[in-house]
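Everything below concerns the one structure shown next.
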Ligand SMILES: [Zn+2]
């Protein structure tokens with residue numbers, strides 16, 4: 001029998017850099033905000049923000065790297081760490097293969113080291129095209145290793161969270177990543193090192209309930225859905241009608257969960273400033 005592994009997409013950085021994975025054959029994108037069709041390159045040229053209605057379209061991990069890090073500075077880590085279907089969950093292998101093809105990534109997060117305006121940092125960014133950034137054992141392991149590396153090298157960490165939450169196909173192994181990553185974040189923090197998170201749409205479930213909310217400073221992109229359980233689940237459970245805009249970044253800002261909204265056009269400048277302010281003698 002031929003192993004399906006033969007067909008798993010290898011995560012070679014050169015294969016996916018500089019293109020929008022899975023979107024090559026789709027030059028037009030329909031904006032969920034205003035329902036109009038937009039040329040993909042026009043959207044990409046505007047940091048994936050709709051020029052007509054300002055809707056924030058999802059950005060691939062590689063597009064974020066290009067937006068935030070100094071050109072050529074990104075050094076990817078642990079690209080070969082991938083989930084292995086430990087529970088033999090029905091259909092999971094096929095979904096992993098599909099996610100890899102669709103996103104051009106081998107897992108739901110990309111981690112590495114890079115520079116923002118010359119300042120070196122640990123960097124992680126979750127990939128919406130890979131099962132909506134869901135957190136399985138590999139995602140947790142990669143982020144844990146990143147914080148451990150950053151601790152050893154005394155680097156700050158800049159993280160982009162975007163996740164539907166824990167990966168159900170890995171059951172408890174997925175849930176335990178919350179504790180594992182949290183431990184690594186805590187050790188990094190106890191060493192006096194800085195962690196800055198940018199919450200993107202959506203940041204929910206086990207990711208929201210662990211490392212997304214453990215940052216020293218929490219920024220959020222406008223309109224991002226941020227919460228643990230989704231609004232529909234809460235309404236069905238509590239039998240209450242939720243207020244307008246519930247769990248959106250603006251709501252979370254007003255309720256103290258988020259430090260500041262960070263529009264994409266000024267995000268790099270803000271992140272750079274915050275990293276520099278907290279770099280101690282390194283800047
Ligand atoms: Zn629009």
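Which one of the conditions (1) surrounded by 13 or more Cβ atoms within 10 Å (Cβ to Cβ); (2) outside any loop (DSSP other than H, G, I, E, B); (3) at pLDDT 95 or above does residue 234 fail to meet, given that it meets all the rest? With (1) surrounded by 13 or more Cβ atoms within 10 Å (Cβ to Cβ); (2) outside any loop (DSSP other than H, G, I, E, B); (3) at pLDDT 95 or above applied to residue 234, the lone miss is (3).
Has the stretch 214-224 got at least one residue that is surrounded by 12 or more Cβ atoms within 10 Å (Cβ to Cβ), assigned to a loop (DSSP other than H, G, I, E, B) and modelled with pLDDT under 90? No, that holds for no residue. Among the residues of the stretch 138-166, those that are buried (at least 20 other Cβ atoms within 10 Å of the Cβ) and under 17 Å from residue 80 (Cα atoms) comprise 138, 139, 140, 141, 142, 143, 144, 146.
Residues considered: 64, 93, 19. Of these, the only one that is at pLDDT below 95 and surrounded by 13 or more Cβ atoms within 10 Å (Cβ to Cβ) is 19. For the stretch 39-149, the helices (runs of 4 or more DSSP H) that sit wholly inside it and include 3 or more residues that are within 24 Å of residue 210 (Cα to Cα) are 61-68. Can you find a residue in the stretch 234-244 that is in contact (Cβ under 8 Å) with a residue 12 or more places away in the chain, assigned by TED's automatic domain parsing to the domain that holds residue 213 and under 18 Å from residue 201 (Cα atoms)? Checked against the condition, which is being in contact (Cβ under 8 Å) with a residue 12 or more places away in the chain, assigned by TED's automatic domain parsing to the domain that holds residue 213 and under 18 Å from residue 201 (Cα atoms), the stretch 234-244 yields no hits at all. So which residues in the stretch 152-197 are part of a strand (DSSP E or B) and modelled with pLDDT under 95? Passing the criteria: only 166. Could you tell me whether residue 118 is in the same structural domain as residue 248 (by TED's automatic domain parsing), in contact (Cβ under 8 Å) with a residue 12 or more places away in the chain and over 28 Å from residue 186 (Cα atoms)? Against the criterion (in the same structural domain as residue 248 (by TED's automatic domain parsing), in contact (Cβ under 8 Å) with a residue 12 or more places away in the chain and over 28 Å from residue 186 (Cα atoms)), residue 118 does not qualify.
The values are calculated or read from the model by the stated rules, or taken from the named source; none is laboratory data. Source: prediction; values computed, not measured. Don't worry about glycine lacking a Cβ; one is built from the backbone with ideal geometry, like all the others, and counts go over all protein chains shown.
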